[in-house]
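These notes are about the structure you will find just below.
The values are calculated or read from the model by the stated rules, or taken from the named source; none is laboratory data. All figures in this text were calculated on a predicted structure; none of them were measured in a lab. As a convention, Cβ positions derive from the backbone with ideal geometry for all residues, glycine included, and neighbour counts pool all protein chains shown.
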Amino acid sequence: MNHPTSELIDFVDGALEPAARERVAAHVRSCPVCGPEVGRARAARDALRGLADVDPPPGLTESILDAVESGSGAAPRGRARTWSRWAAGAGVAAAILLGLAIALPQVRGSNGADTEAAGAESRSKDLSAATTVEVVAGDLGIDDLGALATGAAREAVDVGAPSPAYAAQDGVPVVDQVRAEPRVVDRALACLTTAFGTPDGTVIRLLEGTYEGTPAVLGVVVSGPGAGEPPDRAEVLVADRLDCSILVGHTVQF
Amino acid sequence: VPDVAASPSDEELVRSCVAGDEQAFATLVRRHQTRIYSVCVRILGDEEDAADATQDAFLTAYRKLAQFRGEAAFTTWLHRVAVNACYDILRRKRRQPLLHTVREDAPRDEGPSVEDHAEEVAGTHDAAAALALVPEEFRVALVLADVQDLPYEQIARVLDVPIGTVKSRVHRGRLALAKAMGLGAREPAPPSRPSEGTA
């Protein structure tokens, strides 16, 4: 028996032309597979149609508008979903609205559209995956992560002259040594993946050093929203180099 | 809430906002937040996460308003941004159990498996709870189609997939939801929704 599988949804929705509807209806009446399937699909659809809109919590509008006004980007609304927050030099009058938040690991799932997006816009640059590990001199802190993230943003998008927001983030950590051995690169990537999962987007830099005294591996990841949009996010992921657990993650929207 | 006839259209508000009128953006937020929040609640199944996703969506929309070219309706574009915000949160939540897995050597209590959980929920008539058991890809299409009642063409633009893919996801999502709710087959009745929502 040939089942009109592709027509069943239109049949359930009543969207078939009369002749097709009669043909599918005749099949559904006699088919022990399609008959129950249509019944289940219709019951599920009816159950969902009974769901009403849900009113947003009080204060959501103000929370959104406050965040827009302060330029604080995707900072969360006060729930303990972040570890800390880095104020992004709020109020900087930049042509690009820059929001910076420290968040839980926000690496994205693999999505080929991001890669397409990287080359889709004329202002986007081609981004290359990191093939070296940069060993950083000195101990890193929160400001260094901000500098790395905004540097990545500048790398990802040709913004012309550096905006005041970027200029404020100068002071990128000093690189002491560059290691290109594949095992060193692989080990750094594996550690980040263990901590944060597979990064989505392009890992454009890998670094090693100490973060607030803890031996650390850092990855700088640039990604976009997909769907042909240009890159709009740089993340700095910091993992403990010894046990590959998460130390911190920073996200910049640009 | 329907706007009165004299209210500016979404597209007019977008133009005003791009020109620097922040009140125009506030009007867009107030006009669309209930619908966007509802989409996020149904996709994410958690009101706190939905509020975060709604805020993320409007902030992203604000940042990218200048890129909105008006080729699609503003509501289509906004739904797309909101769905992406939901996917971000779903990805983030997916990673959390993995982190515990790799960091803890002790025997884990991973909670009920998906199958166990489905067993618990099976038979419930709570469609909202059962939605959480529908695979994400199908759930998103299902929410847009059957909760928000968007036409399939619009959903195709929101998700950037062919309309046939949308229909397939909706149909499979309905079957998954019926299973999660323990809904058996009913006697097929004549179609009750003539020519609505499809092309």
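Considering only residues that are under 27 Å from residue B:93 (Cα atoms) and of a type in the set (Lys, Arg), look in the stretch A:178-209 and name the one that is surrounded by the fewest Cβ atoms within 10 Å (Cβ to Cβ). Once the filter is applied, the top-ranked residue is A:187. Has the stretch A:203-219 got any residue that is in contact (Cβ under 8 Å) with a residue 24 or more places away in the chain, in a strand (DSSP E or B), over 12 Å from the mean Cα position of the chain (by Cα) and within 14 Å of chain B (Cβ to nearest Cβ)? So far as the stretch A:203-219 goes, no, none of its residues is in contact (Cβ under 8 Å) with a residue 24 or more places away in the chain, in a strand (DSSP E or B), over 12 Å from the mean Cα position of the chain (by Cα) and within 14 Å of chain B (Cβ to nearest Cβ).
In the stretch B:131-148, the qualifying residues are those that are part of a helix (DSSP H, G or I), of a type outside the set (Asp, Glu) and under 15 Å from residue A:40 (Cα atoms), and the one that is modelled with the lowest pLDDT is B:131.
When the stretch B:149-164 is limited to residues that are touching a Lys or Arg at 6+ places or on another chain (Cβ under 9 Å) and part of a loop (DSSP other than H, G, I, E, B), the one that is nearest to the other protein chains (Cβ to nearest Cβ) turns out to be B:160.
Within the stretch B:29-56, the set of residues being at the interface with chain A (Cβ under 9 Å from one of its Cβ atoms), of a type in the set (Val, Ile, Thr), in contact with an Asp or Glu (Cβ under 9 Å, 6 or more places away or on another chain) and surrounded by 24 or more Cβ atoms within 10 Å (Cβ to Cβ) comprises B:41 only.
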